Amino acid sequence: MASFTDDQADRGREVFRSQCTECHASSEFSDAQFQFKWSRRHAGSLYQMIQTQMPETAPGSLTDEEAVDLVTYILRMNGFEPGDAELSADRAVLDGISLSSIRN
Ligand code: HEC
């Protein structure tokens, strides 16, 4: 199960609004197509994809913290419940978080 805080997901939303909305609407990250694709993967893959490939105009420019905050924002959009502890940008931890529950 993922552990992250509401504040962390809010920070992710701020990063999203400043760096991602040029190309994306947030609704793209919780629609059926997104859920079908990502429900077979783990949070670590989503983190890596964002960290190494986004924003498309400047891949690799996000800090580890910004990338993991973005992941928590996406988790929250997909029904994961915030808790008391922040999610760290630790690949082993992220790889242990299955996204299978995001499929409605
Ligand atoms: C300049 C346009 C652009 C910006 C800015 C951008 N993206 Fe993307 N993003 C894309 C494109 C194009 C794709 C599709 C890439 C592909 O399928 O190979 C994509 C794909 C993605 C995907 C995979 C979606 C899926 O359905 O699998 C994620 C997640 C993502 N972007 C997150 C982000 C985040 C987070 C940011 C902000 C930090 C961001 N993107 C900024 C253009 C952009």
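Quick notes on this structure:
- Region 62-89 residues that are among the charged types (D, E, K, R), paired with ones that are outside any helix (DSSP H, G or I) (beta carbon under 7 Å, 6 or more apart): 64/89; 65/89; 76/82; 84/5; 86/4; 86/5
- Among (1) surrounded by 19 or more Cβ atoms within 10 Å (Cβ to Cβ); (2) under 14 Å from residue 88 (Cα atoms); (3) within 11 Å of the ligand (Cβ to nearest atom), the one test that residue 48 misses: (1)
- Whenever a residue of region 1-18 is within 9 Å of residue 72 (Cβ to Cβ), its partners that are within 14 Å of the ligand (Cβ to nearest atom) and among the hydroxyl-bearing types (Ser, Thr, Tyr), lying with C-beta atoms within less than 6 angstrom and at least six residues away or across chains, give the pairs 4/72; 8/72; 9/72; 9/73; 12/72; 12/73.
- Pick from region 88-104, criterion more than 14 Å from residue 4 (Cα to Cα) and hydrophobic (A, V, I, L, M, F, W, C), ranking: most open to solvent (accessible area, probe 1.4 Å): 92
- Matching residues in region 19-35 - criterion: being outside any loop (DSSP other than H, G, I, E, B), small (Gly, Ala, Ser) and either farther than 12 Å from residue 78 by Cβ or open to solvent by less than 50 Å² (accessible area, probe 1.4 Å) (or both): 26
- Qualifying residue in region 86-98 (condition: within 16 Å of the ligand (Cβ to nearest atom) and in a helix (DSSP H, G or I)): yes
- Test: residue in region 7-17 that is open to solvent by 40 Å² or more (accessible area, probe 1.4 Å) and assigned to a loop (DSSP other than H, G, I, E, B): no
- Looking only at region 1-31, and only at residues there that are among the hydrophobic types (A, V, I, L, M, F, W, C) and at pLDDT below 95, the one that is farthest from the ligand (Cβ to nearest atom): 1
- Beta carbons closer than 6 Å, at least 6 apart along the sequence or on distinct chains, pair a first residue in region 28-40 that is at negative phi with a second that is aliphatic (A, V, I, L, M) for 29/74; 29/77; 30/77; 35/102; 38/99; 39/99; 39/102.
The values are calculated or read from the model by the stated rules, or taken from the named source; none is laboratory data. Quick caveat: nothing in here was measured; it's all calculated off a predicted structure. Cβ coordinates were reconstructed from backbone atoms using ideal geometry, including for glycine residues, and neighbour counts include every protein chain displayed. All accessible areas refer to the heavy atoms of the entire protein, side chains included, with ligands and DNA or RNA removed. Shrake-Rupley method; radii C 1.70, N 1.55, O 1.52, S 1.80 Å.
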